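Visitor: One structure, pasted below without further comment.
The values are calculated or read from the model by the stated rules, or taken from the named source; none is laboratory data. All values reported here derive from a predicted model rather than from experimental measurement. Because the Cβ atoms are built from the backbone with ideal geometry, glycine has one as well, and the counts that use them run over all protein chains shown.
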Amino acid sequence: MKTLVLFKNNLRINDNPVLYHASKEDEIIPAYIYDEINSRPLGSSSKYWLHNSLNSLNQNLKNQMLFMSGDTLSLVPLIVDKYSIKKVYIERPYIHEEIKAYLKLDNILSEKDVDLLSYNCSLLWEPQTILKIDKSPYKVFTPFYKNGCLNSDNPNQPVGKPIKLKCASIDNKTRLEDLNLLDKIQWHQKLDNHWDISEKNAIKIFNQFLEDSIFDYKDKRDFPYLEKNSKLSPFIRFGMISIHRMWAELEKFNYHKSIEHYKSELGWREFSYYLLYHFPFMKSQNFQRKFDRFEWENSTEKLNAWKHGNTGFPIVDAGMRELWETGFIHNRIRMVVGSFLVKNLLIDWRIGEQWFWDCLVDADYASNIASWQWVAGTGADAAPYFRIFNPMLQGKKFDEGGHYTTMYIPELKEIPIKFLQNPWEYDIKFNYPSPIIDYKKSREDSLKKYQEIK
């Protein structure tokens, strides 16, 4: 009897509950369906990462994967009929649109007398089980994490590798390239210089992080040039390493503030999915509805300057150029560039969210939305709107020697360090744009607009 294993966001062999349990059946057909109908269409950088992660997975499965694109609700029944499948194994969904599609698929397969079996591959805690005493969902991170998650049942242990893995012999003429995930214009080749995209490398990076950097994480994670962050986010996003494996390995250490802080960052990822699960409207609407009355300026000229790292504010431009060059931005700098867009340029957070969705290799549906709402002050447990990151002070504090800034803005390498974050005050002009706004005035304008909706 053949069993269909449908991969989606957990593209790994190790510690994959769907694959682990499905492999106990006689023969499996591993498949991936690129579906832009029942899921949000991926951005360009995510497609690049997806192509490479699928390539890694297919190699680990000895090139036996079935690749298709289109409507999952139409294609799965066709696969089921063609190969006389009686069981379909699938990742449990937590995003509203994907839950709806899952329920529809369950009904379709039930009519065919086919079992649809789902497993949690993505989250440490089931979002529907973490509730306050009054059975309502949390809206603030700290009680969610400390009272809800940490006082709940421990996360599932990683399942390890499949005990046996036998792929069915079928006439499979599909190819990964048929998904057309890579643009014909080879812009993405520059990303190859920064990423080794494989399950093996994901595990290697995590192990090296535990060995070299974990104990410095809390004190040094905000300094981009120190590279004390794990940079595992794209591997986590595409499930090339198990979040359960990571948690289990972290739990083996004795108490240390840095380890607990790193675990809490994994908790923020949980919180993002939790919020989207309980409040799906926030995917496109302000969580705090008072911001519906906020009058954004949405200047196209200023937006383009921000996108391309030409705002005249070095730490902001360094971050945006890092994004353009590598598909990634250091977490501290993400907050700086996000605050600058929303609170200084007065551009709607949804516009910034869409740009990150297109450009980040780790663009995660829930984390991207929740993080933008956090930095904009519109979300649950968000940074107050009146907390506006000062890019000059942020640059001086977290890039004191200018290493990060000048890496991405080499035209400022010769400027004295005291002027690096405010080059407009230096006598000699460089080939670098002047500030597109008066920072002090932009801050005042932003706070004035906030007072109008308060």
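Visitor: I'd like the residue in segment 330-359 that is of a type in the set (F, W, Y) and more than 19 Å from G402 (Cβ to Cβ) and, out of all such residues, is surrounded by the fewest Cβ atoms within 10 Å (Cβ to Cβ). So that I can check it myself, show each step before the final result.
Guide: Quick first cut of segment 330-359, residues of a type in the set (F, W, Y) only: 340, 349, 355-357.
Remaining after also requiring more than 19 Å from G402 (Cβ to Cβ): 349, 355-357.
Values: W349: 25, W355: 18, F356: 22, W357: 21.
Among those residues, the one meeting the criterion is W355.
Visitor: Pairs please, first residue from segment 208-220 and in contact (Cβ under 8 Å) with a residue 60 or more places away in the chain and not assigned by TED's automatic domain parsing to the domain that holds L266, second anywhere and part of a helix (DSSP H, G or I) and surrounded by fewer than 16 Cβ atoms within 10 Å (Cβ to Cβ), Cβ atoms under 7 Å, 6+ apart in sequence or on different chains.
Guide: Pairs found: none.
Visitor: Filter segment 166-199 down to the residues that are at pLDDT below 95, of a type in the set (A, V, I, L, M, F, W, C), in contact with a helix residue (DSSP H, G or I) (Cβ under 9 Å, 6 or more places away or on another chain) and within 28 Å of L42 (Cβ to Cβ) and list them by number.
Guide: I170, W187
Visitor: Additional query: On the basis of being without any contact (Cβ under 8 Å) to a residue 40 or more places away in the chain, exposed (fewer than 13 other Cβ atoms within 10 Å of the Cβ), in the same structural domain as L250 (by TED's automatic domain parsing) and over 21 Å from the mean Cα position of the chain (by Cα), does S136 make the cut?
Guide: yes
Visitor: Considering segment 139-160 alone, what residues qualify as being among the basic types (K, R) and surrounded by 13 or more Cβ atoms within 10 Å (Cβ to Cβ)?
Guide: To start, the set of residues in segment 139-160 that are among the basic types (K, R) comprises 139, 146.
K139, the sole residue that qualifies.
Visitor: Just to confirm my filter: which helices (runs of 4 or more DSSP H) fall fully inside segment 233-315 and include at least 1 residues that are small (G, A, S) and touching a Pro at 6+ places or on another chain (Cβ under 7 Å)?
Guide: Numbers: elements: 233-237, 243-251, 257-278, 300-307.
It comes to 243-251.
Table: residues versus (1) in contact with a helix residue (DSSP H, G or I) (Cβ under 6 Å, 6 or more places away or on another chain); (2) on the phi < 0 side of the Ramachandran plot.
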residue	(1), (2)
L341	yes, yes
L346	no, no
F356	yes, yes
N368	yes, yes
V375	yes, yes
T378	yes, yes
D381	yes, no
L393	no, yes
K397	no, yes
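Visitor: Could you give me the residue pairs with C-beta distances under 7 Å whose first residue belongs to segment 326-351 and is charged (D, E, K, R), whose second residue is part of a loop (DSSP other than H, G, I, E, B) wherever it lies, and which are 6+ apart or on separate chains?
Guide: Between residues of segment 326-351 that are charged (D, E, K, R) and residues that are part of a loop (DSSP other than H, G, I, E, B), the close pairs are R332/D222; K343/I388; D348/W296; D348/N298; R350/S284.
Visitor: Now a separate question. For L103, which of the numbered conditions (1) surrounded by fewer than 20 Cβ atoms within 10 Å (Cβ to Cβ); (2) of a type in the set (A, V, I, L, M, F, W, C); (3) within 26 Å of D15 (Cβ to Cβ) fails to hold?
Guide: So the condition that L103 fails would be (3).
Visitor: Something else: Among (1) within 21 Å of the chain's Cα centre (by Cα); (2) at negative phi; (3) buried (at least 19 other Cβ atoms within 10 Å of the Cβ), where does G327 come up short?
Guide: (2)
Visitor: A follow-up question, please. Select from segment 416-434 the residues that are surrounded by fewer than 20 Cβ atoms within 10 Å (Cβ to Cβ) and either in a loop (DSSP other than H, G, I, E, B) or outside the structural domain of A376 (by TED's automatic domain parsing) (or both) and list them in ascending order. Outline the logic, then answer.
Guide: As a first pass, look at segment 416-434 and keep what is surrounded by fewer than 20 Cβ atoms within 10 Å (Cβ to Cβ): 416-419, 422, 424-434.
Scanning segment 416-434 gives P416, N422, Y426, D427, I428, K429, F430, N431, Y432, P433, S434.
Visitor: Which of the residues belonging to segment 368-392 are surrounded by fewer than 20 Cβ atoms within 10 Å (Cβ to Cβ) and within 23 Å of F238 (Cα to Cα)?
Guide: Of everything in segment 368-392, nothing turns out to be surrounded by fewer than 20 Cβ atoms within 10 Å (Cβ to Cβ) and within 23 Å of F238 (Cα to Cα).
Visitor: Any residue at all in segment 83-94 that's in contact with a helix residue (DSSP H, G or I) (Cβ under 9 Å, 6 or more places away or on another chain), hydrophobic (A, V, I, L, M, F, W, C) and farther than 29 Å from F279 by Cβ? First the steps, then the outcome.
Guide: Going through segment 83-94, the residues in contact with a helix residue (DSSP H, G or I) (Cβ under 9 Å, 6 or more places away or on another chain) turn out to be 85-94.
Subsequent filtering for residues that are hydrophobic (A, V, I, L, M, F, W, C) retains 85, 88, 90.
Those still in the list that are farther than 29 Å from F279 by Cβ too: 85, 88.
Yes; the residues of segment 83-94 include at least one that is in contact with a helix residue (DSSP H, G or I) (Cβ under 9 Å, 6 or more places away or on another chain), hydrophobic (A, V, I, L, M, F, W, C) and farther than 29 Å from F279 by Cβ.
Visitor: Tell me which helices (runs of 4 or more DSSP H) are completely within segment 15-110 and hold 1 or more residues being farther than 26 Å from L360 by Cβ, out of contact with any Lys or Arg (no Cβ under 7 Å at 6 or more places or on another chain) and at pLDDT 95 or above, or say none if there are none.
Guide: Working: elements: 17-22, 44-60, 72-83.
Fully inside segment 15-110 and qualifying: 17-22, 72-83.
Visitor: Answer with yes or no whether F206 is part of a helix (DSSP H, G or I) and either out of contact with any Pro (no Cβ under 9 Å at 6 or more places or on another chain) or not aliphatic (A, V, I, L, M) (or both).
Guide: Working: part of a helix (DSSP H, G or I): yes; either out of contact with any Pro (no Cβ under 9 Å at 6 or more places or on another chain) or not aliphatic (A, V, I, L, M) (or both): yes.
Spelling it out, F206 is indeed part of a helix (DSSP H, G or I) and either out of contact with any Pro (no Cβ under 9 Å at 6 or more places or on another chain) or not aliphatic (A, V, I, L, M) (or both).
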